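The numbers here are math on the coordinates, done by the rules we state, and not lab data. The shown structure was predicted, so the numbers you read here are calculated from the model rather than taken from an experiment. Neighbour counts are summed over all protein chains in view; Cβ atoms, including those assigned to glycine, are modelled from backbone coordinates with ideal geometry.
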Amino acid sequence: MGIFRKLGWFFKQEKKSYFIGVLFLILVAIVQLVPPRLIGFLADEIGGNRLTVIILVQTLVAIFCVAILQYVFRYIWRVHIWGSAARLEKVLRSNLFKHFTDMDQKFFQTYRTGDLMAHATNDLSAIQQVAGVGILTLVDSLVTGGVTIIAMAVVIDWRLTLMALIPFPFLAYASKKLGDRLHDAFRDSQESFSKMNDKAQESISGMKVIKTFGQEKQDLNDFKTKTDYVVKMNRKVFFLDSLFDPVITIIIGISYILTIIVGGRFVMNQSISIGQLISFINYLNMLIWPMLALGYLFNILERGSASYDRVNELLMEKSTIVEDPFAIQEPAKGDIHFHVTDFHYPEDEKAALKQIDFEIKEGATLGIVGKTGAGKTSILKLMLREHDSYQGNIIFGQYPVMDYSLDALKKSIGYVPQDQFLFSTSIENNIRFSEPDLSHKEVVKFAEMTAIHEDILGFPEGYETEVGERGVSLSGGQKQRISIARALATSPELLILDDALSAVDAKTEEAILKALKNERANKTTIIAAHRLSSVMHAEEIIVVDNGEIIERGTHDTLLALGGWYHDMYRRQQLESKLDGGEA
Ligand SMILES: Nc1ncnc2c1ncn2[C@@H]1O[C@H](COP(=O)(O)OP(=O)(O)OP(=O)(O)O)[C@@H](O)[C@H]1O
């Protein structure tokens, strides 16, 4: 029953709908008591030889009218209760999705995609069941059950009623015991489902790699192990589930036996009429559903409660990136001062960055180079406020990045990550992703800047060509150029390219860099790259190694220094010559 308390906020919000729904459920419970009594009455009239055509017709008309009333009342409660339950699922789904969009990188590293999807589907529908079927079974078991029992006691005989109800306390006990076990079993089954979902998601995304390495069999076996476990866990749930019905049937069966023995005696000593016994047996029959509903109720509540706890656990996760309530709403603009003395990834003892200092004048370009794993992306992540837990400060324009609202900061920055992601929509929509009002002409302008325009015209439907499964398969270089066009479309004060030109050839790279320089004359750019030709035009280049800056300067001063940059530049030039390139 705790789940009703947990969902109290929602019932309060929907009190009108639930009031009407429950009221009509109660009316159905009362109205449906009439036909059994009328049937009992007819039986007595027949037994007493008093039945006339008029009495028969009147009784049948009354039964028909009651049936119509039940139909109307049922329609009303269904619209109100089912409607509210659907609204609960919508509210929870929106909250959960909003929460996902608010969460930081750590959250998405901790929880895997399949797991989050299982929460957003299975768990939410288990909670929705509480607000729909849960309320129905609660009212049915308490009200229909209660009203029927009262009718049995008042209209027929209270001693017979007491006798018939003797086995019922055992039902409550058995339901509680089974319910507890079901709660645990259901939680385990949901967890195993999450893991299987995760596996399916990962395998489908990584199918190319699986096939390339010939790991289909191993992957299939791994998937089979996970699905077997899901089946095992579900069998446990179904086993416990299936115990509910037999328990109820046995208890009702014992009730029937007691009724026939004791009721038969009452008829013989004329305490009740045969018609009353028939009505009583009908009422007892009507108690089966409320008792079954009681069983389902525990079941639904336990599942709902386990799912609510799982969803709540997610919702309780706090993002480590907290927005200042008085945050600056104006987009950031101006020089950048980056001074970070120490930065560790959460739960990582080793410092990812140490003593990183640089300044970028508004409109200038900074190049960041270094070995893989040196810390280039980490610097960019701090700039983007993906992590706040560093020592030092990063000032963009007049204020530290932490003082801006996240919206304002993100509006000022266009970011092209290493692993680009394009949505399954047209190329045009991908480019205008964060600027939906962009005209086609402007979209073309950004495509031209990133040297992808000609490629797009070559696709079957030009800019309207769908990307992904339902459309064209793009090459790595094409994806990179569309992603840069998407970032440029916001005309950001700061453009960050994280190894975003790695898959384009040297000539195209040069064309893009030239276009960027011309079009973004007064805007700032940070380019992190492995290929030094991407950064050689930058006003300043820093070489990062092991989280520290080991060299800095312009292309020429770094070459003159004769260190890592010099060696790498020579090597890359040689490689390029061997490949037949120019730079
Ligand atoms: N989310 C994370 N949690 C813990 N450690 C991380 C995380 N991301 C990166 N690291 C570690 O921080 C160090 C710097 O990584 P970073 O991605 O900044 O390097 P990089 O220079 O951008 O490398 P690459 O050129 O390969 O992209 C590496 O040792 C990496 O393992």
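Remarks
- Sum of side-chain charges, Val262 neighbourhood, beta-carbon under 13 Å (Lys, Arg +1; Asp, Glu -1): +1
- Our estimate of slack between Glu386 and Lys371, defined as 0.36 nm per intervening residue step minus the Cα-Cα distance, is 3.2 nm.
- DSSP bridge orientation in the chain - percent antiparallel, rounded to nearest 5: 50
- Highest-first packing order for the peptide set 384-390, 346-352 is 384-390, 346-352, based on the mean count of other beta carbon atoms within 10 Å.
- Relative packing of peptides 51-60, 475-484 - highest average C-beta neighbours within 10 Å first: 475-484, 51-60
- Backbone N under 13 Å from the Asn269 label point (7 Å along Cα→Cβ), restricted to the range 148-166: 159-160
- 15 Å beta-carbon shell around Ser273, net charge (K/R +1, D/E -1): 0
- Between Asp567 and Lys333, the C-beta separation translates, for a Förster distance of 22 Å, into a calculated FRET efficiency of about 0.05.
- Here the peptides 403-415, 72-84, 198-210 are ranked by packing, the mean other Cβ count within 10 Å, and the order with the highest first is 403-415, 72-84, 198-210.
- Take the Kirkwood radius over Cα pairs of the range 2-316, plug it into Stokes-Einstein at 10 °C and 1.306 mPa s, and you get 69 µm²/s for translational diffusion.
- Each Lys or Arg adds one and each Asp or Glu takes one away; over the other residues whose Cβ falls under 15 Å from the Cβ of Ser475, this sums to -2.
- Point-to-point label distance, Arg5-Glu461, nm (Cα→Cβ direction, 7 Å offset): 5.5
- Spin-label model, Ile55/Ile260: points 7 Å from Cα along the beta carbon direction are separated by 2.8 nm.
- Label-reachable residues, the range 181-201, where backbone N falls under 18 Å from a point 7 Å from Lys217's Cα toward its Cβ: none
- Beta bridges from DSSP with both residues in the range 495-583: antiparallel share about 55 percent, rounded to the nearest 5.
- Computed from the C-beta positions of Lys232 and Ile20 and an R0 of 25 Å, the FRET efficiency is 0.05 to the nearest 0.05.
- Helix 15-31 axis, angle to the chain major axis (alpha carbon atoms, nearest 10°): 30
- Filter on Lys318/Lys381; Lys224/Lys376; Lys199/Lys445; Lys376/Lys514; Lys106/Lys195; Lys479/Lys514 - keep pairs with C-alpha separation over 30 Å: Lys224/Lys376; Lys199/Lys445
- R0 of 60 Å, Cβ-Cβ distance Met316-Ile150: FRET efficiency to nearest 0.05: 0.85
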